[in-house]
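The structure appears right after this line, and notes come after that.
We did not get these values from a lab; they are worked out from the coordinates using the rules stated. If you're wondering where the values come from, they're calculated on a predicted model, not measured in any experiment. With ideal geometry, Cβ positions are generated from the backbone for all residues, glycine too; neighbour counts draw on all protein chains shown.
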Amino acid sequence: MSLRILLAEDHLIVRQGVKQLLTREGYSVVAEAADGREAVRLAREHCPDIAVLDLGMPLLNGVDAARQILKVSPNTKPILLTFKKEVPYVLEAFRAGAKGYVLKTHGASELFEAIRKVACGTAYISPDLAEVVPQILNPDSADDQLTPREREVLQLIAEGKTTKEVATILGVSFNTAESHRNRIMKKLNIHETAGLVRYAIRRGLASP
């Protein structure tokens with residue numbers, strides 16, 4: 001039986017292209033998502049073997065989508081697909097439970113190799129990022145100040161969402177969303193939105 005894959009990528013033409021490549025290789029793409037929240041919902045519904053996730057998706061980035069997917073579908077193995085080579089992005093991905101990290105600048109053969117290795121229980125990271133491996137094996141999570149929910153809120157703030165919009169997206173009250181925002185500012189000692197946006201970009205929670 002072919003591996004069942006969830007594909008999450010917000011750019012339709014890219015998603016269609018990757019799906020075609022995966023299908024030609026013999027994989028079964030059982031669900032497609034255009035943002036991280038949809039990816040989590042579809043993972044819960046389909047319980048795929050592999051989740052191929054774009055890192056920079058709206059509403060919920062690939063890293064936090066991977067974290068939530070592992071909660072709703074523990075046997076699914078997330079692979080991040082991205083242009084980002086910076087160390088913080090890679091470390092955040094593996095801390096969240098990703099099993100693979102593949103650069104979009106490489107060919108389809110590398111994605112296939114990552115899927116094969118991850119499906120067999122071996123983590124995969126693009127060869128260009130080999131110097132990051134020691135940090136992945138010995139992670140220092142001391143700077144993980146924010147809870148997963150606070151990370152979600154921070155990403156939405158960085159995407160320009162108002163507190164009311166954040167509350168609606170997360171399904172919480174306005175006061176709860178405002179409380180999350182205030183706690184984030186206090187924890188990070190950042191007290192203006194522009195500073196929060198810069199922090200989110202540095203930590204890979206949002207794209208510039």
**Asked** What do you get when you divide the Cα radius of gyration of region 148-202 by 2.2 N^0.38 Å, with N the number of residues?
**Response** 0.99
**Request:** Mind checking which lysines have their Cα closer than 30 Å to the Cα of Lys104? Skip sequence neighbours fewer than 8 apart in that chain.
**Result:** Lys19, Lys71, Lys77, Lys84, Lys85, Lys117, Lys161
**Cα-based helix-to-principal-axis angle, 12-24 vs the chain, degrees rounded to 10** = 30
**Request:** Before rounding to the nearest 500, sum -39500 (n - 2.57) across all DSSP H runs of length at least 4 in the chain and divide by the residue total; then give [θ] at 222 nm in deg cm²/dmol.
**Result:** -15000 deg cm²/dmol
**Prompt:** How much length is gained on full extension from Gln16 to Glu150, taking 0.36 nm per residue of separation minus their Cα-Cα distance?
**Reply:** 45.0 nm
**Fill in**
Expressed in µm² per second, the diffusion coefficient of region 4-137 from the Stokes-Einstein equation, with Rh the Kirkwood radius over alpha carbon pairs, at 37 °C and 0.692 mPa s, is 231
**Residues Arg41 and Leu188, FRET efficiency given R0 of 35 Å [Cβ-Cβ distance, rounded to 0.05]** = 0.75
**Request:** Would you mind telling me which residue in Glu45, Glu32, Glu192 has the biggest mean-square fluctuation in a Gaussian network model of the chain, where springs connect alpha carbons within a distance under 10 angstrom?
**Result:** Glu192
**Prompt:** Once the Cα atoms of helix 62-72 and of the chain are each reduced to a long axis, what angle between those two axes, in degrees from 0 to 90 to the nearest 10, is obtained?
**Reply:** 80
**Asked** Sorting Arg41, Arg202 on the 10 Å Cβ count, fewest up front, what's the list?
**Response** Arg202, Arg41
**Förster radius 25 Å - calculated FRET efficiency between Phe83 and Val30, Cβ distance, rounded to 0.05** = 0.45
**Item:** Taking Glu150, Glu38 and counting other C-beta atoms within 10 Å, the order from fewest to most
**Value:** Glu150, Glu38
**Complete:** With label points set 7 Å from each Cα along the Cα-to-Cβ direction at Ser2 and Arg202, the distance between them in nm comes to 4.5
**Cα centroid separation, region 97-115 to region 8-58 (Å)** = 14
